[in-house]
Amino acid sequence: MMPRFPAFSHSSVPNPSDAERARVGIERLHDTAAGQDDLAAFVDSLCADDAGRRFLGSIFGNSPFLGQCLLLELPFARDLMHEGPDTMFPRLLADMEPRETDTTAIMASLRRAKRKAALLIALADISRIWTLDQVTGALSDFAEQALQIGLSGLLREADSDGVMTLPDNSDPQRDCGYVVLGMGKLGARELNYSSDIDLIVLYDPEKINCPDPDHLRRDLVRMTRALMRILDERTADGYVFRTDLRLRPDPAATQLAISVQAAEDYYESMGQNW
């Protein structure tokens, strides 16, 4: 059955900049689907249609990254082509919710989700199904969800290790006293494909229930570093987002996580225009 994704009828899909790379990519797509009847039928239906083959050529011939995402996430691409981005994107965000606290597992899961999100958003953009606001909004929604997933895993780990006691382990961020603020393009919901994410990390020592208050700052700085690693460390699966914490108050002199009171004192006395 030919997919119902409207992209194939849109004349604006760009021609491949590298025709040979497009040809090789389509061959690899057939090889990836070989032996899997449903996927092979899906790929055959795309390539048998002139518009579908042109669309595949545009992906493989213009973007090695998107071509790799398509090859690695072919079952997701099939569902996307049939159901469309408006249905699949909320489902993707919902499916990201982790059940484990293991950092390695969270990192791998987020990088797989990033491949799917990149493919979905780019195809909706290239085919002009989504407007610019929808594209930047989706990139921002994905970044926020990735942050939430990474932070929730780290908070549960901190609770399990006795670093702090969470008010509600099933909803670890609620009243936890640790705050991650999205700044810049993330805060404005204007992320583009190459954006890093600007963050400020604050904590309220009066709200955090911990057995060793004297080491609280050290532990939260360590947790902040772990959060950055979850998002921006390059692994075999790539990375999620580059992160930048230099918009925090006096970044040359402050730790990665600073207390709410210290931030208030800075903004009241020395705050500079952004």
**Request:** Go through 248, 234, 217, 222 for me and flag whichever is of a type in the set (Lys, Arg), free of Cβ contacts under 8 Å to residues at least 40 places away in the same chain and surrounded by 14 or more Cβ atoms within 10 Å (Cβ to Cβ).
**Result:** 222
**Item:** Odd one out for residue 196 among (1) on the phi > 0 side of the Ramachandran plot; (2) free of Cβ contacts under 8 Å to residues at least 60 places away in the same chain
**Value:** (1)
**One residue from 83, 97 being open to solvent by 70 Å² or more (accessible area, probe 1.4 Å) and under 21 Å from residue 43 (Cα atoms)** = 83
**Asked** Under the condition of being more than 17 Å from residue 55 (Cα to Cα) and either in contact (Cβ under 8 Å) with a residue 24 or more places away in the chain or among the aliphatic types (A, V, I, L, M) (or both), which residue from region 116-136 is most open to solvent (accessible area, probe 1.4 Å)?
**Response** 132
**Prompt:** Any idea which residue in region 225-274 is nearest to residue 140 (Cα to Cα), counting only those that are among the hydrophobic types (A, V, I, L, M, F, W, C) and at pLDDT below 90?
**Reply:** 274
**Request:** Test each condition in (1) buried (at least 18 other Cβ atoms within 10 Å of the Cβ); (2) within 13 Å of the chain's Cα centre (by Cα); (3) without any contact (Cβ under 8 Å) to a residue 60 or more places away in the chain for residue 242 and report the one that comes out false.
**Result:** (1)
**Prompt:** If you go through region 196-205 one residue at a time, do you hit one that is open to solvent by 50 Å² or more (accessible area, probe 1.4 Å) and closer than 20 Å to residue 263 by Cβ?
**Reply:** yes
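Yes or no, residue by residue, for (1) part of a helix (DSSP H, G or I); (2) open to solvent by less than 10 Å² (accessible area, probe 1.4 Å); (3) at pLDDT below 95:
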| site | (1), (2), (3) |
| --- | --- |
| 105 | yes, no, yes |
| 110 | yes, yes, no |
| 114 | yes, no, no |
| 139 | yes, no, no |
| 157 | yes, no, yes |
| 163 | no, no, yes |
**Prompt:** Consider residue 46 against the criteria (1) buried (at least 18 other Cβ atoms within 10 Å of the Cβ); (2) under 27 Å from residue 144 (Cβ atoms): it satisfies all of them except one. Which criterion is unmet?
**Reply:** (2)
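The values are calculated or read from the model by the stated rules, or taken from the named source; none is laboratory data. Note that the structure is predicted; figures quoted are calculated from it, not measured. Glycine also receives a Cβ, built like all others from the backbone with ideal geometry; neighbour counts cover every protein chain displayed. Ligands, DNA and RNA are excluded from the accessible area calculation, which covers all protein heavy atoms including side chains. Shrake-Rupley method; radii C 1.70, N 1.55, O 1.52, S 1.80 Å.
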